[in-house]
Amino acid sequence: MMFTRFTRSRLLLTVGALVAGASAFVAAAGQTAAKPAVRPVAQAAKAHAAEVAAPDFAMINQYCITCHSERMKSGGLVLEKRDPSKIGAEAEMWERVAKKLRARSMPPINSRRPDQATMATFVQSLEATLDKTALAVPNPGRAPIHRLNRFEYTNAVRDLLGLEIDGKAMLPADDTGYGFDNIADVLTVSPGLFERYMLAAAKVSRLAVEDPTMRAKLTSYELPYLSLGQDERMNELQPFGSRGGTAIRHYFPLDGEYEVRFTLQRNDLAAGYNVRGLSAPTAIDVRIDRQRIKIFNLGGKAARPMYSEGADPEYPDEGLSVKFKTTAGTHVVSIALNQDVWKAEGVSVGQLPLTNNGYSQGRDTTPLYGRIDAGIEKVDITGPFDGKAPKGSELQRKIFVCQPAAAATEEPCARRIMGRLARLAYRRPVGESDLKTLMEFYRKGRKEDGSFRAGIQASIGRLLVDPNFLFRMELDPAGVKPGSAYKVSDLDLASRLSFFLWSSIPDEELLTVAAAGQLKSPIVLEKQVRRMLADPRSNTMIDNFFAQWLTIKNVQSAHPDPKVFPEFDENLRSAFIEETKLFLRSQVREDRSAAELITANYTFVNERLARHYGIPGVVGNHFRRVNLPDDKRAGLLGQGSVLMVTSYNDRTSVVLRGKFIMDMFLGTQPPAPPANVPPLENTKIEGTLRQRMELHRKNPVCASCHNTIDPMGFAFENFDGVGKYRTLDSRSPINATGALADGSKFDGAASFRKALYDRKEAFLGAMVRNMMTYAMGRGVETFDMPAVRKILRDTQPQDYKWSSIVLGIVKSMPFQMRRAES
């Protein structure tokens, strides 16, 4: 049942009024919130700040005033005549200074520098002074109302209803702030967006109750035509001895009959008989959840096989379809070809260039590269036909915790069902006022359609657009002094924790502990954090945080020029993504030191990626852990995903790679380039990239930044734009030498990595700041920096293990406290 005109209009009015008055709703509710204990800041942090002497400005006056005087004002920063007693009042400026000195990026290259011990002492005393001042007036910040983003909405529906949905098809992409898509400030709301949430709620509610009136729907899955090789087993969901095709996780909404139809690739993108690979016998295996439902044999001497009666000879793959019955839920549809591919004797000519792969003129050959084998072009899944609501499915058991035996028991059962769902969806215990609206929609749906199931569907639809579900709203407790810091409630802390680690709502155990007021106990809190980290749902934190922080998500949108990188294909792109995902998951799940992201001597490869990296002895498409043969590719900076997203589509970029290292690994983002600087391609300079960049830096305006950025990028110049190791650029040997701002010299990626590891505190600080941004849904401000430093101090004895860092963030003042409205 879809929303009727009355139900839809009423829902729009109700939700519109609630959302338009969201701030008033929060303020009004805050008047009745229980007053929490306003707890003192950790005494250990205060003691640390008191132990260190105030900074001696002699170092500033000796080494920094030349550039940062009132006359020069380099970088807009004036350090001349500063008063050490006013460090706290100028915290934002001094935090910038501390960050630069901690990364050793100041004083600039070729300038006089203090010895490392003097600089370390100054930085330590400066940071301690900043901490002491901040702790005197605690400020944990105040995040605005937080709308669930698309990813969080998708996960919340899964955990609430047991339903896997395609959030990307239902809702638009979210804006980003500070590099992340869960920042409350940018998660804005518009009438158009709420219309999308309305439509999503209607669709999800139908799927949730498995409405048997749903019509058959066609879903298409297209495979990349030019760039996806289908000469190997594609993934672990396909049978051994197969190649090509695809494996699709598809949600089947009802028990019933469905149809899978697929078409084959053509040589020249034209319809008709020009289907690739018909000269050789080919078997195509179709399976559901690894169980074969049909095998198609085609090709060979017949050259024009007929796959079903009535098939058009000009479209020989017209009959490639099969109908089957299956149960409601998510199932894997696999289509694969047999592995008996033709190979020429003697020396192989290598992979077919991508352009010839798609546009070859012969039916299944090319003049230089021999036969092209058949491949799958598109898969269509249609259904259900004559669908029926399943009985006793997992989805039904999760939602329908009771079944009314008679009309008199329907409403009590509906209250029980919706009460349980509302408690999880709203992330708190619910009362009569919460259920009143949901039961009103239940009664209306029950009356309109005449069934108990329809009433539950209408009520679920209302639940999914309720502000209590769509928004995370933390209420200021009554009686708290305006502008003061207070401990958030256990229920709010539970939501912060679950959306940090799972990007979803709290589960029953976490919600029960929070509702009982036990989550504030440090022992209970740590137990819950470790339990949640061990849960597979924490993979969402690992995958989502790192993909956005390190911009690895951009691997999907990168388009290397096939003329420059003809060996790049979709198989390699997928391998880049899988390698980094498995590597990061292993780091966190094995609770290794976060500093190993710089130095780890292992990675995960399959045959395709191992061939690209030059790692011998790896056969097959499955990924396995391997120790790296040398230290050229150690850590994240040697992985193809990072090397590709820090390159242009037709060449490497020392600027992009250097900026990436400065920003992500040292936390010292360089300033924006001046206006009207021509791109390097327009400078008409020939030679290696180093030679061109050296001429580019002769401009003093450019040199001020590029002298710092470029050397870091040159350290990785032995890796081309798709991460393949090379020794030549424009037929000249690559020069990967350089020096950092403090004079540390390096020759290539391996020695640069050692220099970077010597600055691991700067890297760890940058990582913690970004993880706190992700965890809190707001940017890290100057007043948060004492908490960042405390996390680093507390995790150092544990060698910065991931569990200690996550626990440090969860136990930090910004995560556990909030500033009251001024």
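The values are calculated or read from the model by the stated rules, or taken from the named source; none is laboratory data. Model, not experiment: these values are computed from the prediction. FYI the Cβ positions are ideal-geometry reconstructions off the backbone, even for glycines, and counts take in every protein chain you see. These accessible areas exclude ligands, DNA and RNA; they are computed on the full protein's heavy atoms, side chains included. Shrake-Rupley method; radii C 1.70, N 1.55, O 1.52, S 1.80 Å.
Do you know which residues across the range 590-612 are open to solvent by 20 Å² or more (accessible area, probe 1.4 Å) and out of contact with any helix residue (DSSP H, G or I) (no Cβ under 8 Å at 6 or more places or on another chain)?
590, 601, 607, 611
Could you tell me whether any residue of the range 474-495 is closer than 17 Å to residue 158 by Cα, modelled with pLDDT of 95 or more and not in a loop (DSSP other than H, G, I, E, B)? Don't jump to the end; show me each part of the working.
Restricting attention to the range 474-495, the residues satisfying the condition of being closer than 17 Å to residue 158 by Cα are 495.
Next cut, modelled with pLDDT of 95 or more only: 495.
Checking which are not in a loop (DSSP other than H, G, I, E, B) leaves us with 495.
Within the range 474-495, one or more residues are closer than 17 Å to residue 158 by Cα, modelled with pLDDT of 95 or more and not in a loop (DSSP other than H, G, I, E, B).
Among the residues of the range 412-431, are any in contact with a Gly (Cβ under 7 Å, 6 or more places away or on another chain), outside any helix (DSSP H, G or I), open to solvent by 30 Å² or more (accessible area, probe 1.4 Å) and of a type outside the set (S, T, N, Q)? Walk me through how you get there before you give the answer.
Narrowing the range 412-431 to residues in contact with a Gly (Cβ under 7 Å, 6 or more places away or on another chain): 414, 430.
Applying the additional criterion that residues be outside any helix (DSSP H, G or I) yields 430.
From the residues that got through so far, the ones that are open to solvent by 30 Å² or more (accessible area, probe 1.4 Å) too are 430.
Then drop every residue that is not of a type outside the set (S, T, N, Q), which leaves 430.
Yes; the residues of the range 412-431 include at least one that is in contact with a Gly (Cβ under 7 Å, 6 or more places away or on another chain), outside any helix (DSSP H, G or I), open to solvent by 30 Å² or more (accessible area, probe 1.4 Å) and of a type outside the set (S, T, N, Q).
So which of 788, 722, 806 is under 17 Å from residue 594 (Cβ atoms), of a type outside the set (Phe, Trp, Tyr) and touching a helix residue (DSSP H, G or I) at 6+ places or on another chain (Cβ under 6 Å)? Please lay out each step first, then the result.
Values: 722 fails: under 17 Å from residue 594 (Cβ atoms); 806 fails: touching a helix residue (DSSP H, G or I) at 6+ places or on another chain (Cβ under 6 Å).
After applying the criteria, what remains is 788.
For residues that are part of a helix (DSSP H, G or I), open to solvent by less than 10 Å² (accessible area, probe 1.4 Å) and of a type outside the set (Val, Ile, Thr), tally how many sit in the range 638-656. Reasoning before the result, please.
At the first step, the residues of the range 638-656 found to be part of a helix (DSSP H, G or I) are 638, 640-645, 654-656.
Narrowing the set further to residues that are open to solvent by less than 10 Å² (accessible area, probe 1.4 Å) leaves 638, 640-644, 654.
When the remaining residues are screened for being of a type outside the set (Val, Ile, Thr), the result is 638, 640-641, 643-644.
Qualifying residue count for the region: 5.
Would you check if residue 592 is among the charged types (D, E, K, R) and free of Cβ contacts under 8 Å to residues at least 24 places away in the same chain?
Working: among the charged types (D, E, K, R): yes; free of Cβ contacts under 8 Å to residues at least 24 places away in the same chain: no.
When the stated conditions are applied, residue 592 does not pass them.
Please state which one of 539, 571 is at pLDDT below 95 and polar (S, T, N, Q). Break it down stepwise before answering.
Values: 539 fails: at pLDDT below 95.
Matching residue, one of 539, 571: 571.
Would you be able to say whether some residue in the range 180-201 is touching a His at 6+ places or on another chain (Cβ under 7 Å) and part of a loop (DSSP other than H, G, I, E, B)? Outline the logic, then answer.
We begin by selecting, within the range 180-201, every residue touching a His at 6+ places or on another chain (Cβ under 7 Å); these are 184, 187.
From what is left, the residues that are part of a loop (DSSP other than H, G, I, E, B) are 187.
Yes, the range 180-201 has at least one match.
Between 408, 478, which is free of Cβ contacts under 8 Å to residues at least 24 places away in the same chain and either open to solvent by 30 Å² or more (accessible area, probe 1.4 Å) or β-branched (Val, Ile, Thr) (or both)? Step through it out loud before you land on a result.
Details: 478 fails: free of Cβ contacts under 8 Å to residues at least 24 places away in the same chain.
Going through 408, 478 in turn, just one is free of Cβ contacts under 8 Å to residues at least 24 places away in the same chain and either open to solvent by 30 Å² or more (accessible area, probe 1.4 Å) or β-branched (Val, Ile, Thr) (or both): 408.
So how many residues does the range 774-815 have that are in contact with a strand residue (DSSP E or B) (Cβ under 6 Å, 6 or more places away or on another chain) and in a helix (DSSP H, G or I)?
Residues meeting the conditions: 1.
Within the range 127-178, track down each residue that is open to solvent by 30 Å² or more (accessible area, probe 1.4 Å) and among the basic types (Lys, Arg).
132, 142, 150, 158, 168, listed by residue number.
Regarding the range 715-725, can at least one residue be identified that is open to solvent by 40 Å² or more (accessible area, probe 1.4 Å), at pLDDT 95 or above and not small (Gly, Ala, Ser)? Even if it seems obvious, please write down each step before you answer.
Of all residues in the range 715-725, those open to solvent by 40 Å² or more (accessible area, probe 1.4 Å) come to 724-725.
Filter once more, keeping what is at pLDDT 95 or above: 724-725.
Now restrict to residues that are not small (Gly, Ala, Ser): 724-725.
Yes, some residue in the range 715-725 is open to solvent by 40 Å² or more (accessible area, probe 1.4 Å), at pLDDT 95 or above and not small (Gly, Ala, Ser).
Checking the structure you have, find out if any residue of the range 366-380 is modelled with pLDDT of 95 or more and either farther than 24 Å from residue 279 by Cβ or open to solvent by less than 40 Å² (accessible area, probe 1.4 Å) (or both).
yes
If we scan the range 136-148, do we find a residue that is in a helix (DSSP H, G or I) and modelled with pLDDT of 95 or more?
Applying the first criterion (in a helix (DSSP H, G or I)) to the range 136-148 yields 136.
The next check asks that each one be modelled with pLDDT of 95 or more; those that pass are none.
No.
Restricted to the range 542-582, and to residues that are of a type in the set (A, V, I, L, M) and open to solvent by 50 Å² or more (accessible area, probe 1.4 Å), which residue is nearest to residue 532 (Cα to Cα)?
The first filter runs over the range 542-582 and keeps only residues of a type in the set (A, V, I, L, M), leaving 542, 547, 550, 552, 555, 558, 564, 572, 575, 577, 582.
So of that shortlist, the ones also open to solvent by 50 Å² or more (accessible area, probe 1.4 Å) come out as 564, 577.
Working: 564: 45, 577: 25 Å.
The residue in question is 577.
Which of the residues belonging to the range 587-630 are over 15 Å from residue 575 (Cα atoms), in contact with a strand residue (DSSP E or B) (Cβ under 9 Å, 6 or more places away or on another chain) and not in a helix (DSSP H, G or I)?
591, 592, 593, 594, 601, 602, 617, 627, 628, listed by residue number.
What do you reckon, is residue 744 over 27 Å from the mean Cα position of the chain (by Cα) and hydroxyl-bearing (Ser, Thr, Tyr)? Before you say what the answer is, go through the steps one by one.
Details: over 27 Å from the mean Cα position of the chain (by Cα): yes; hydroxyl-bearing (Ser, Thr, Tyr): yes.
Answer is yes for this residue.
Could you give every pair whose Cβ atoms fall below 7 Å, whose first residue belongs to the range 56-85 and is free of Cβ contacts under 8 Å to residues at least 60 places away in the same chain, and whose second residue is part of a helix (DSSP H, G or I) and of a type outside the set (A, V, I, L, M), counting only separations of at least 6 or pairs across chains?
Partner pairs satisfying both residue conditions: 57/84; 67/74; 68/74.
Restricting attention to the range 246-276, which residues are open to solvent by 10 Å² or more (accessible area, probe 1.4 Å), among the aromatic types (Phe, Trp, Tyr) and modelled with pLDDT of 95 or more?
None; the set is empty.
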